[in-house]
1. Students often get this wrong, so check it: of 48/136; 17/48; 184/208; 17/208; 24/204; 115/204, which have C-alpha atoms separated by over 20 Å?
2. What number, in nm² with one decimal, is the all-direction average of the projected area of the convex hull of the alpha-carbon atoms of segment 95-220?
3. Would you calculate the convex hull of the Cα atoms in segment 157-223 and tell me its volume per residue in Å³?
4. By how many degrees, 0 to 90 and rounded to 10, does the Cα axis of helix 31-70 deviate from the longest principal axis of the chain?
5. Can you pull out the trypsin sites (Lys or Arg not before Pro) in segment 142-172 whose DSSP state is coil and whose Cβ has at most 13 other Cβ atoms within 10 Å?
6. Given 25 °C and 0.890 mPa s, how large is the Stokes-Einstein diffusion coefficient of segment 1-46 in µm²/s, with Rh as the Kirkwood radius over Cα pairs?
7. Does segment 132-173 classify as rounded, prolate or oblate by the C-alpha gyration tensor (a ≥ b ≥ c root eigenvalues; a/c under 1.5 gives rounded; else a/b over b/c gives prolate, otherwise oblate)?
8. What are the principal axis extents of the Cα atoms in the chain, in Å, biggest first?
Amino acid sequence: MLFDTYEKLLNMYLKQKANLDTYKAQVGATAADITAVSQAADTMLYMKNYAELVDTAKKAVFKIKNDLYKGDKDEPIVEFGGFPDFSPPFPLEAGLLEQALERNRQFKAAEDYTKAIGIELGIEEESASLSPDDAKPTAEFTAASEGFMFAAVVSNRAKADSWDVLFQRDGETGWTLARTATGKSVDVTITPTNPAKPERVKVKIQLKKNNQNYGQASAITEITLNP
């Protein structure tokens, strides 16, 4: 698979963070490999989101500049909230593409490596002939610091045209639809049981096509949402 964009490499790292531990024996992955992949996935996702926040802030600055020049004199200028603090989860390290390619070559050389495992690890491209029943998304869930909100980043969507974010509270047996989304990511806010306390929930993704369930649900993840 050709990782010719930042987003493609990020999606590969997110898949490996989610699945490498499962297939470590088949591909000969070490504990150091798993740690490196997890940290790279978190760092790349942070930088993607941070760059988008900075771009939004930059646009706000230029709008203020334009309003100063030729804005409506009767309209107040919106105050600039400032650029976001830069706080990556791990020390920045160049060459994550080169590192990934080297690891992937080692994984593919393992005796028990298969194309199916390669697809789960983002090394191989999914076949166009993949049965809809075999489609299974990988998902990365990140809780926000407040507001009972979390972000969902979904990969391996095959031919789905949308996806549902489902959650389950402690003690419940059924699943509740939190939001339906398209594209790669979405922010989700859940109404808490107790607004004053953090809440632990299970979350998963169900792919959709033509408003019907498509393939299997993602692996279930537990996250803590903050007030």
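The values are calculated or read from the model by the stated rules, or taken from the named source; none is laboratory data. None of the values given here were measured: they were computed from a predicted structure. Backbone-built Cβ (ideal geometry, glycine too); neighbour counts: all protein chains shown. The area values use the complete protein model at the heavy-atom level, side chains included, leaving out ligands, DNA and RNA. Shrake-Rupley method; radii C 1.70, N 1.55, O 1.52, S 1.80 Å.
1. Going by Cα-Cα distance, 48/136; 17/208; 24/204; 115/204 fall outside the 20 Å limit.
2. On the way: hull surface 40.4 nm².
Hull-based average projected area comes out at 10.1 nm².
3. Values: hull volume 6.2 nm³, N = 67.
It comes to 92 Å³ per residue, whole-number rounded.
4. 20 degrees
5. On the way: sites: 157, 159, 169; in loops: 157, 159.
Within segment 142-172, the qualifying trypsin sites (Lys or Arg not before Pro) (loop, at most 13 other Cβ atoms within 10 Å) are 159.
6. So the translational diffusion coefficient is about 227 µm²/s.
7. Here segment 132-173 falls in the oblate category.
8. 71, 45, 36
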